[in-house]
Amino acid sequence: MPERLGTTVTKHIMDAQRAHPHATGDFSNLMNELVVAAKVIHRAVSKAGLSDILGKTGLTNVQGEEVQKLDEFANITIIHKMDHTGLLCAMASEEMDQIFEIPDKHPQGGKYALAFDPLDGSSNIDANVSIGTIFSIHRKVTSGLKGKTDDFLQPGSRQVAAGYIIYGSSTMMVYTSGAGVHGFTLDPSIGEFLLSHPNIRIPARGKIYSVNEGNYRKWDDRTRAVADYFKTEDKATGRPYSARYIGSLVADFHRNLLYGGVFMYPADVCNPHGKLRLLYEAAPLAFICKEAGGDAISGEEDILDIQPKELHQRTPLFIGSRDDVAVCRGILKGEAAPVSR
Ligand code: AHM
Ligand code: MG
């Protein structure tokens with residue numbers, strides 16, 4: 001008896017397209033191309049430790065190709081997979097200073113703008129810690145065939161879709177196009193992402209707080225009060241919460257999405273606007289988190305409401321379970337920490 005495979009991400013995307021009778025298929029095609037890029041990056045990440053052995057000099061591998069840093073490799077992989085599809089007007093990446101215009105030799109006039117962090121948390125690669133790719137899709141809003149920076153400087157609330165691929169104990173893709181958050185696990189034996197986590201909902205309150213607490217002395221008083229709150233004993237709210245911090249945003253976020261909890265990367269004296277990037281990290285994850293029933297703020301402001309002013313803008317980030325983020329918002333506003341909820 002042949003085994004039943006389950007729903008591939010491609011079928012899931014096509015099914016979602018059928019729910020929109022006027023859809024042209026462009027969005028589905030775009031997502032499907034991204035899925036292929038994710039598989040190529042997965043293959044490289046899963047062999048990460050070997051590249052040094054294969055490319056002894058550090059300059060070339062056995063095929064005579066240049067050994068690239070994996071984040072550069074992931075960046076180029078996505079660009080090469082997406083630039084000739086005719087679906088995009090431009091791309092923006094954490095790895096590139098300016099937007100990438102679709103070269104003239106490729107079809108022009110794509111109606112989507114793709115922003116991505118090709119390999120977030122890449123400083124963890126050598127220690128075999130989970131890393132991820134994050135993407136965000138906006139509709140083109142400027143005139144003309146070519147995309148412009150303004151196509152990317154749109155609030156996160158206008159995203160058409162966002163998602164991430166986590167390269168962990170297994171490789172997973174999680175995405176939303178505004179109709180639920182769905183997770184797919186890569187079955188490497190057949191090379192397909194299969195639906196494993198339909199309609200993910202983040203618990204309203206968690207038991208985990210995730211923050212680089214080594215920065216405690218660099219935070220302002222209100223930020224310290226937020227961390228203190230999660231560590232204060234209180235039976236009614238299940239505190240103290242457990243501290244879990246991988247230092248790899250996609251991995252920290254993914255765990256909290258499934259288990260509940262809050263991830264924080266606040267501003268500090270060295271990073272007055274926080275460390276994480278609005279367009280490539282905070283906004284896409286905020287879109288996913290909200291769609292799963294959670295919340296995401298920079299402090300007093302909702303991440304999805306922020307009007308970006310520049311491509312590489314940074315933002316403080318408090319993201320996760322709705323009630324936990326509400327506590328952060330209150331304390332950051334200057335309210336006294338709730339004694340018990
Ligand atoms: P990167 O984009 O250079 O990889 O940096 C982003 C990473 C996130 O994955 C993670 O949440 C954060 O930086 C960790 O920073 P820190 O080491 O300061 O705690
Ligand atoms: Mg990053």
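Of the listed peptides 131-139, 23-31, 228-236, 69-77, what is their order by residue-averaged count of other C-beta atoms within 10 Å, with the highest listed first? List each step's numbers first, then the result.
Values: 131-139: 25.8, 23-31: 17.2, 228-236: 13.4, 69-77: 20.1.
So the order, starting with the most tightly packed, is 131-139, 69-77, 23-31, 228-236.
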Please give the calculated 222 nm ellipticity per residue for the chain, where each DSSP H segment of at least 4 residues contributes -39500 (n - 2.57) and the sum is spread over every residue; nearest 500 deg cm²/dmol?
-> -8500 deg cm²/dmol
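Quick check on the chain: what does the Kirkwood estimate of hydrodynamic radius come out to from the alpha carbon pairs, in Å?
Answer for the chain: a Kirkwood hydrodynamic radius of 20.8 Å.
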Compute the separation of the alpha-carbon centres of the range 184-205 and the range 272-298 and state it in Å as a whole number.
-> 21
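What share of the DSSP beta bridges in the range 3-197 is antiparallel, in percent to the nearest 5?
That works out to approximately 85 percent antiparallel.
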Round to a whole number: what % of the accessible area of the chain belongs to carbon and sulfur, probe 1.4 Å?
-> 50
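Expressed as a rounded percentage, what relative contact order does the range 3-197 have, with Cα pairs under 8 Å and six or more residues apart? It would help to have the intermediate numbers written out before the result.
Working: 331 pairs, mean separation 32.4, N = 195.
Computed value for the range 3-197: 17 percent relative contact order.
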Kindly express, to the nearest 10 degrees and within the range 0 to 90, the angle between helix 322-333's C-alpha long axis and the longest C-alpha principal axis of the chain.
-> 60
Computed lengthening from LEU195 to HIS106, 0.36 nm per intervening residue step minus Cα-Cα distance = 28.7 nm
Pairwise centroid distance, computed over Cα atoms, of the range 106-172 with the range 17-36, Å | 16
Any chance you could run the full-extension gain for ALA19 through SER143? It's 0.36 nm times the residue separation minus the Cα-Cα distance, nm to one decimal.
-> 41.8 nm
Place the peptides 284-291, 256-263 in order of packing, highest mean first, counting for every residue the other Cβ atoms within 10 Å and averaging per peptide.
-> 284-291, 256-263
Relative contact order of the range 208-332, defined on C-alpha pairs under 8 angstrom at six or more residues apart (%) | 29
Divide, for the range 208-332, the radius of gyration over alpha carbons by 2.2 N^0.38 Å, where N is the residue count.
-> 0.97
For helix 9-18, what angle does its Cα long axis make with the longest principal axis of the chain, in degrees from 0 to 90 and rounded to 10?
-> 90
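Only bridges whose two residues both fall in the chain count here: according to DSSP, what percent of them are antiparallel, nearest 5? Don't skip to the answer; put the middle values down first.
Working: 44 of 53 bridges.
Counting DSSP beta bridges with both partners in the chain, the antiparallel share is about 85 percent.
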State, as an integer percentage, the relative contact order of the chain based on alpha-carbon contacts under 8 Å between residues 6 or more apart.
-> 15
Output ³J(HN,Hα) for the range 189-204: one whole-Hz value per residue in order, computed from phi by the Karplus curve 6.51 cos²θ - 1.76 cosθ + 1.60 with θ = phi - 60°, and x for Gly and Pro.
-> 5, 10, x, 10, 7, 10, 4, 10, 9, x, 6, 5, 10, 7, x, 4
So which lysines pass the test for LYS231, namely a Cα distance under 24 Å, with those fewer than 8 places away in the same chain ruled out?
-> LYS207, LYS218, LYS275, LYS333
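Under the classification rounded if a/c is under 1.5, otherwise prolate if a/b is larger than b/c and oblate if not, where does the range 279-341 fall, given a ≥ b ≥ c as square roots of the Cα gyration tensor eigenvalues? Numbers along the way, then the final one.
On the way: a/c = 3.20, a/b = 1.61, b/c = 1.99.
Verdict is oblate for the range 279-341.
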Computed over the range 74-205, Cα set: Rg, Dmax in Å | 16.0, 51
What are the residues whose amide H is under 5 Å from the amide H of ASP234, where those residues sit 5 or more places off or on another chain and H is modelled from the backbone?
-> ARG239
Report, to the nearest 10°, how far helix 249-259 tilts away from the longest principal axis of the Cα atoms in the chain, using its own Cα long axis and a range of 0 to 90°.
-> 60
Mean Cβ neighbour count within 10 Å, used as a protection proxy, ranking 112-125, 144-157, 301-314 highest first | 112-125, 144-157, 301-314
Report the full-extension gain for the segment HIS80 to ASP187: residue separation times 0.36 nm, less the Cα-Cα distance, to one decimal in nm.
-> 36.1 nm
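At 1.4 Å probe size, with every protein chain present, just tell me what the per residue accessible area of the chain comes to in Å². Provide the component values of the computation, followed by the final result.
Values: 15820 Å² over 341 residues.
Normalised by residue count, the accessible surface of the chain is 46 Å².
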Could you list which residues have their amide H under 5 Å from that of VAL181, counting only those 5 or more apart in sequence or on another chain, with H placed in the peptide plane?
-> ASN199, ILE200
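The values are calculated or read from the model by the stated rules, or taken from the named source; none is laboratory data. Everything numeric in this text was worked out from a predicted model, so none of it was measured. Because the Cβ atoms are built from the backbone with ideal geometry, glycine has one as well, and the counts that use them run over all protein chains shown. When the accessible area is computed, the model is the full protein with side chains, heavy atoms only, and any ligands, DNA or RNA have been set aside. Shrake-Rupley method; radii C 1.70, N 1.55, O 1.52, S 1.80 Å.
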